[in-house]
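We did not get these values from a lab; they are worked out from the coordinates using the rules stated. Fair warning: this is a prediction, and the values are worked out from it, not measured in the lab. For neighbour counting, all protein chains shown are included, and Cβ atoms are generated from backbone atoms with ideal geometry for every residue, glycine included.
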Amino acid sequence: MSKLASFLQELTSLRVFIIVWFGQFASLLGSGLTGFALDLWVYQKTNSVTLFALVSLFTTLPPILISPIAGAFVDRWDRRWTMIISDFGAGLMTLSIAIAFWLGNLQVFHICIATGIMSTFSVFQRLASTTATSSLVPPQHLGRAIGMMQVSESTGSIFIPAVAGILILSVQLQGVLFIDFLTYIISLVTLLSVRFPHQTNNKSINKGDQPEKSEDSPKESIKNELLYGWRYIMAQPGLMSLVIYFTAVNFLIGLVSLLMVPMLLTIGTTATTGTILSLGGVGSLIGSVMMGIWGGPKQKIQGVFFFGILLGICIIMAGSRPSPAIISIAIFGGLLCFPIIAGCSEVLLLKRVDHDVQGRVFGLLGTISASCVPIAYLLAGPLVDYVFEPLMTSTGLLAPSIGQIIGIGAGRGIGLLFIVLGSLQTIITIISYFHRPLHLMDRPHHSDSSELDAT
């Protein structure tokens, strides 16, 4: 009886978080369906990798540009109302796309503008949701709450591609958009039905500072926070080296992730494409479970290196042949590597970055490491349309040589590019292995952040 009472008490303490998590999970699924469906619609309508990449650019660029500033504002605003307004704004954008499609006026530039605005709202929503978790969940249950959030993301990656591919064939784009709009309503209802604990905003930006003076402007405070985070990163060679490594990796992975759907569509239908990507989602879920149970190797940087090399091999495999079976295995293996690499690197950062400055530093690290992704999206279209695909046509320059190994025709130029990108991923990881400051990242670090305070 005591165990049952304890279990019920734990559920009660997590009640608000579970309600909010359910609404956000529904919204995550709906947004994923819309994003995948819009990608398919743009590529099938235009048959242009360049325009396909342009939509992804508008989705990716706003978070990179505004994440550090958005984080500073989220710290000042009410988390619950930030999430409500963000979901409401994103839902309106989804509705606007649906209306334009229903009227027969939907164009690629409409999608670019709408997805750019939606991704901006999602930055505020994600940051508010993440930072609210510690106030919604007792400290002893934080690990369980984070696990629930990771499972929801992995589950979404499993079902979204397959479901979206099937829905496009059955209810078409307008049906997918309507489903997404309903999930926003679910999210809003859950947020409006609960109350968050009162939050206390600490506006002191450096350890040992006095509370912010009334004459300090919010603009100046945000500027100081960003400058402090940058100085903190620059003061640690290993930390900066890790950022450079992941910046290069994100550039390569940005190209791969963007071009995966166009390559898959050359060997199968939208349903086939969704099914293969869903198998990759299974790999991501298994990798998340592995990381949760195993915890990664004792030397976490070794985990980054080993699975970084394995990721490169999987990318090479994905481009080697136009075979759904081979590509499925490659995507499964590659996405299995992601959560382990991310988990090991997160542990390294938590060990090396002082707790009271992690928000500022992590926000900047995310922006810096993702800064090359828009460049990858801009280069993807021209590289495929004007360089690699022409090389692998039946009359292409490489058709008599490499074409005899990996095949020729539609999609084989992307396959060749994957082989190049996977080789670069492997080489960069091997070079990084011999960089001493990265090996020192596994040592715990405790710095006096007052040394970095602005004068």
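Hey, rough spin-label estimate for Ala325 and Thr46, points 7 angstrom out along Cα→Cβ, what's it come to in nanometres?
Computed distance between label sites Ala325 and Thr46 equals 3.6 nm.
If you filter the range 265-353 for trypsin sites (Lys or Arg not before Pro), then keep DSSP loop positions with at most 11 other Cβ within 10 Å, what is left?
Lys298
Take every Cα pair under 8 Å in the range 227-444 that's 6+ residues apart, average their separations, divide by the length, and report that relative contact order as a whole percent.
36
Which FRET efficiency value, to the nearest 0.05, do you get for Phe178 and Ile431 by plugging their Cβ-Cβ distance into 1/(1 + (r/R0)^6) with R0 = 41 Å?
0.25
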